[in-house]
Amino acid sequence: MNRPLRNMRKLLDCIAANNEDAALNVMRATEQLEDEVLRQRLLNVVHRLNQDADDLRMARDDIQGGTSKFA
């Protein structure tokens, strides 16, 4: 695998990890809310962030066959 593809895989993995970290922080903040409507909206955001992280990792694995893990 060439360097640009390896860098792209690392970038996708880094963004996915950042999404998961953001989702965790939002979830922690959500636990402290008493407003149920806002709480549910933020939990939907958490769900989307985690889904996006999964999609980014699938895209990373699709690059050049994705048989080896670099990130």
* Residue list for the stretch 7-21, filter: surrounded by 15 or more Cβ atoms within 10 Å (Cβ to Cβ), more than 10 Å from D52 (Cβ to Cβ) and under 10 Å from the mean Cα position of the chain (by Cα) -> L12, D13
* Asked: Mind checking whether some residue in the stretch 54-71 is open to solvent by 60 Å² or more (accessible area, probe 1.4 Å), touching a Cys at 6+ places or on another chain (Cβ under 8 Å) and at pLDDT below 95?
  -> yes
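Which count do you get for residues in the stretch 11-39 that are more than 24 Å from L56 (Cα to Cα) and either at pLDDT below 95 or assigned to a helix (DSSP H, G or I) (or both)?
Step one: list which residues in the stretch 11-39 are more than 24 Å from L56 (Cα to Cα), which gives 29-39.
Filter once more, keeping what is either at pLDDT below 95 or assigned to a helix (DSSP H, G or I) (or both): 29-30, 36-39.
Residues meeting the conditions: 6.
The values are calculated or read from the model by the stated rules, or taken from the named source; none is laboratory data. What you see is a predicted model; the values in this text were computed from it and never measured. Every residue, glycine as well, gets a Cβ built from its backbone with ideal geometry; the counts of neighbours run over all protein chains shown. Surface accessibility is based on the protein's heavy atoms, side chains included, excluding ligands, DNA and RNA. Shrake-Rupley method; radii C 1.70, N 1.55, O 1.52, S 1.80 Å.
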